[in-house]
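What follows is a single structure, written as structure tokens, with notes after it.
The values are calculated or read from the model by the stated rules, or taken from the named source; none is laboratory data. Predicted model only: the values in this text are computed from it and were never measured. Cβ sites come from the backbone with ideal geometry, for glycine too, and all protein chains shown count toward neighbours.
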Amino acid sequence: MVDVGGQRSEQRKWIHCFDNVNGVLFVTEVSGYNQTINDGEKTMNRMKYSIQLFKSIVNNRCFGKKTAMILFMNKIDVFKQRLPLFPLTACFKTYKGENEYEPCAKYISDRFRHVISHEITKDRPIYTHFTNATDTENIDRVFESCIDVVFKISMEKVGFM
């Protein structure tokens, strides 16, 4: 497991360093939908920045067709607390659903899935997990699921499945 960091200047350095990868864990702070980030070049919405970064990774041809993208939408507890105070439309003007956890979480998940564009990556498996890192039972279940996914892909690559 490698934490490559999210700084834009660092991204160009690491994206080509991976070969024969079975799975990519992408962790984003779902509760950051109403916050901004300044990466040294410009200020933008945190969630939109995460979606852009995910897009650059999921559509990158350096990962194989079968490389699983495992998306962790972290801090769901904070997300649930913020929704009544800051409607999802603060980030997504086109969102027309109810300002409740389930429809908002689905909408954000769909926004991440929507960025898959290249022919080589359209069939790439994407697994989305809504997590709360302080909830150890939740993290245990999600981690076990990730191990199963990566193991299955590894077995397929060597011809056992």
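Quick one: count up the residues across region 117-136 that are assigned to a helix (DSSP H, G or I), among the aliphatic types (A, V, I, L, M) and either closer than 15 Å to I70 by Cα or at pLDDT 75 or above (or both). Reasoning before the result, please.
Our first condition is that a residue be assigned to a helix (DSSP H, G or I); within region 117-136, this holds for 119-121, 136.
Then drop every residue that is not among the aliphatic types (A, V, I, L, M), which leaves 120.
So of that shortlist, the ones also either closer than 15 Å to I70 by Cα or at pLDDT 75 or above (or both) come out as none.
Qualifying residue count for the region: 0.
For region 79-108, what are the residues that are part of a helix (DSSP H, G or I) and either at pLDDT below 95 or surrounded by 15 or more Cβ atoms within 10 Å (Cβ to Cβ) (or both)?
The initial filter retains those residues of region 79-108 that are part of a helix (DSSP H, G or I), namely 79-82, 88-90, 101-108.
Of everything in region 79-108, those that are part of a helix (DSSP H, G or I) and either at pLDDT below 95 or surrounded by 15 or more Cβ atoms within 10 Å (Cβ to Cβ) (or both) turn out to be F79, K80, R82, L88, T89, A90, C104, A105, Y107, I108.
Go through E144, E156 for me and flag whichever is closer than 20 Å to N22 by Cα, of a type in the set (D, E) and in contact (Cβ under 8 Å) with a residue 40 or more places away in the chain. Even if it seems obvious, please write down each step before you answer.
Working: E144 fails: in contact (Cβ under 8 Å) with a residue 40 or more places away in the chain.
Just one listed residue meets the conditions, E156.
If you go through region 137-153 one residue at a time, do you hit one that is of a type outside the set (A, V, I, L, M), more than 20 Å from I37 (Cβ to Cβ) and in a loop (DSSP other than H, G, I, E, B)? Don't jump to the end; show me each part of the working.
Residues of region 137-153 that are of a type outside the set (A, V, I, L, M), as a first pass: 137-138, 140-141, 143-146, 148, 151-152.
So of that shortlist, the ones also more than 20 Å from I37 (Cβ to Cβ) come out as 137-138, 140-141, 143-146, 148, 151-152.
In the following step, the residues that additionally are in a loop (DSSP other than H, G, I, E, B) were identified as none.
No, region 137-153 contains no residue that is of a type outside the set (A, V, I, L, M), more than 20 Å from I37 (Cβ to Cβ) and in a loop (DSSP other than H, G, I, E, B).
I'm told D19 meets every condition in (1) out of contact with any helix residue (DSSP H, G or I) (no Cβ under 7 Å at 6 or more places or on another chain); (2) modelled with pLDDT of 85 or more except one. Can you identify the failing condition by its number?
Among (1) out of contact with any helix residue (DSSP H, G or I) (no Cβ under 7 Å at 6 or more places or on another chain); (2) modelled with pLDDT of 85 or more, the lone unmet condition for D19 is (2).
Give region 28-38 a look and list any residue that's without any contact (Cβ under 8 Å) to a residue 60 or more places away in the chain and hydrophobic (A, V, I, L, M, F, W, C), or say none.
I37
Does region 71-116 hold any residues that are small (G, A, S) and closer than 12 Å to V30 by Cβ, and which are they? Talk me through it step by step, then tell me what you get.
From region 71-116, those small (G, A, S) are 90, 97, 105, 109; that's our starting set.
Answer for region 71-116, where residues must be small (G, A, S) and closer than 12 Å to V30 by Cβ: A105, S109.
Within region 22-47, how many residues turn out to be over 17 Å from K75 (Cβ atoms) and surrounded by fewer than 16 Cβ atoms within 10 Å (Cβ to Cβ)?
7
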